[in-house]
Amino acid sequence: MFVTARVEILRNVIITRRPLGRGESLGNRDIEIRQLDISDETRGYFTRPEDVIGRSTSRHLPNGSILNAGMLTEPTLIHRGDSLIIEVRKGALQLRAQGTALEDGEKGEQIRVRNDSSGQEVRARVIARGLVRPVSR
């Protein structure tokens with residue numbers, strides 16, 4: 001005797017509440033939690049709103065899309081030409097200098113920045129909006 005069965009795995013997942021365009025930043029009004037069958041989900045999914053709020057869409061998303069990492073990007077925290085702080089930390093010592101972004105950057109990304117007082121160009125990692133730390137050589 002052969003029996004065919006369909007197994008469902010129900011899980012609370014984050015989905016889009018409305019159609020979203022490419023590059024839109026996600027907020028509470030754009031998402032909802034819904035219990036859905038994820039047995040066929042091969043690309044992953046999010047279960048916590050804090051994991052997606054503030055991130056941007058990497059492409060157009062229809063209403064009711066189960067959000068996964070491939071659909072979202074980190075927001076651009078620094079734009080080319082922005083004034084920013086270049087911060088160097090060594091133990092208890094902290095030095096700060098005013099700089100200018102030469103490239104756009106997302107959190108954790110390395111970008112080129114120019115120290116405004118010395119004119120020197122350095123590579124730095126984006127820490128937060130308007131804050132970078134030079135990359136050690």
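In whole Hz and in residue order, list the ³J(HN,Hα) couplings for segment 27-42 that follow from phi through the Karplus curve 6.51 cos²θ - 1.76 cosθ + 1.60, θ = phi - 60°; x for Gly and Pro.
Each residue of segment 27-42 in turn: x, 4, 6, 9, 10, 8, 9, 9, 7, 9, 6, 10, 4, 9, 7, 9 Hz.
Using Cα pairs closer than 8 Å and at least 6 residues apart in sequence, work out the relative contact order for the chain, in percent.
Once normalised by length, the contact order is 18 percent.
Check which residues have an amide H placed less than 5 Å from Gly23's amide H, if you skip close sequence neighbours.
It is Thr57, Ser58, Arg59, by chain and number.
Name the residues whose placed amide hydrogens come within less than 5 Å of the amide hydrogen of Leu131, ignoring near sequence neighbours (fewer than 5 apart) on the same chain.
Distant-sequence amide H within range of Leu131: Ile85.
Please list, in order along segment 19-24, the HN-Hα scalar couplings obtained from phi with the Karplus expression 6.51 cos²θ - 1.76 cosθ + 1.60 (θ = phi - 60°), rounded to whole Hz, x for Gly and Pro.
Each residue's phi maps through the Karplus curve to give x, 10, x, 4, x, 6 Hz.
Using a cut-off of 15 Å between beta-carbons, work out the net charge of the residues near Glu24 (Lys and Arg +1, Asp and Glu -1, Glu24 not included).
Within the 15 Å Cβ shell, the charges total +4.
Quick check: from the Cα gyration tensor, does segment 76-134 come out rounded (a/c under 1.5), prolate or oblate?
Oblate is the answer for segment 76-134, as a/c is 1.5 or above yet b/c matches or exceeds a/b.
Taken together, the values in this text are just the output of simple stated rules run on the coordinates, not laboratory data. These numbers were taken from a predicted model, which means no experiment stands behind them. Heads up, the Cβs are rebuilt from the backbone with ideal geometry, glycines too, and the neighbour counts pull from every protein chain shown.
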